[in-house]
Amino acid sequence: MTALSTKHLLGIKDLTPDDINLILDTAESFKEVINRPIKKVPSLRDLTIANLFFENSTRTKLSFELAEKRLSADVINFAASSSSVKKGETLIDTVNNILAMKVDMVVMRHPNPGAAVFLSKHIDAKIVNAGDGAHEHPTQALLDAFSIKQTLGSVKGKKIAIIGDILHSRVALSNIFCLQKLGAEVMVCGPTTLIPKYIESLGVKVENNLRKALEWCDVANMLRIQLERQDIKFFPSLREYTMLFGLNKEILDSLSKKIVVMHPGPINRGVEITSDVADSDQSIILEQVENGVAVRMAVLFLLAGRG
């Protein structure tokens, strides 16, 4: 298989296992490119890509921008906070104005779930969802799966625990879809108030005890507590959350086996994970960042029909 079965990347839900494997295999080639002295290839030299970020982002935005430049595409960056969106311009108007500038592809992050799907029905350009509210974040799930594959040799048959704020996390949902399609077992772990009621219907295990989850898994993906999405209090205090669900070196060293530790970032050091865990040899957090560029290069390359 050399082409994706889908025109856009709106969510992992829309991808087949073959699509995911094609992206991961392509990312492997691009990882070699970004580790060469000359890190650029002319693959998308004739394309213009617009990055539309209606919500704050540091790592994802930089990662996409770097991926686009490594592929030699022309890049337009748009931040809603400093645009006419503040004056009441609609999403369609904003995008149509950008498309009038002859843009081929749009990478969009938006606070509303389904924004990327909505856009794909109204404009001609290829759409990449860089996160829509608490719904999906497909490229994060792909880079997480790629990082697991690079570290453990494969994703199939591995046990992955996603720990923390599952309720507000688009990373959790995309990861569940992606890991299951690749044949992994998935468990979610966190306070009852931060685990959605529907989650078991997705075929994942649910655990409220951190140690039990860590003893079960091969990989622990520690999620950030998303205080900015929490309009009510879901737990008594950050200190209490850390005592029950924070991963520190003492817990990590006391487990019966060595596990791999991941984090989608940004890290609240000392809350969901301590610095000595984040910086330990069991952590692949920095590899995730490097892999993010390779995976996003693969996604853009394949959506452009260059596969």
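The values are calculated or read from the model by the stated rules, or taken from the named source; none is laboratory data. On a predicted model such as this, the values are computed, not experimentally measured, just so you know. Glycine also receives a Cβ, built like all others from the backbone with ideal geometry; neighbour counts cover every protein chain displayed.
Residue-wise test of (1) under 14 Å from Phe53 (Cβ atoms); (2) in the same structural domain as Asn268 (by TED's automatic domain parsing); (3) of a type in the set (S, T, N, Q).
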residue	(1), (2), (3)
Asp74	no, no, no
Lys126	no, no, no
Asp132	yes, no, no
Lys156	no, yes, no
Asp165	no, yes, no
Ile176	no, yes, no
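How many residues are of a type outside the set (D, E, K, R), outside any strand (DSSP E or B) and over 14 Å from the mean Cα position of the chain (by Cα) when one looks only at region 117-171?
Total meeting the criteria: 16.
Taking region 92-116 as the region of interest, how many residues are of a type in the set (Val, Ile, Thr) and closer than 19 Å to Leu302 by Cα? Please lay out each step first, then the result.
Here is the first cut: in region 92-116, the residues of a type in the set (Val, Ile, Thr) are 92, 94-95, 98, 103, 106-107.
From what's left, closer than 19 Å to Leu302 by Cα: 103, 106-107.
Here the count works out to 3.
I need the full set of residues from region 1-55 which are free of Cβ contacts under 8 Å to residues at least 24 places away in the same chain and either of a type in the set (A, V, I, L, M) or assigned to a loop (DSSP other than H, G, I, E, B) (or both), in order please.
Within region 1-55, Met1, Ser5, Thr6, Asn35, Arg36, Pro37, Ile38, Asp46 meet the criteria.
In region 1-38, how many are in the same structural domain as His122 (by TED's automatic domain parsing) and more than 23 Å from the chain's Cα centre (by Cα)?
The total comes to 3.
Tell me the helices (runs of 4 or more DSSP H) entirely within region 194-289 that contain at least 1 residues that are modelled with pLDDT of 90 or more and either outside the structural domain of Ile160 (by TED's automatic domain parsing) or of a type in the set (D, E, K, R) (or both).
Helices (runs of 4 or more DSSP H) meeting the threshold: 210-216, 249-254, 275-278.
Kindly indicate whether Val289 is within 25 Å of Gly153 (Cβ to Cβ), surrounded by 13 or more Cβ atoms within 10 Å (Cβ to Cβ) and not aromatic (Phe, Trp, Tyr).
yes
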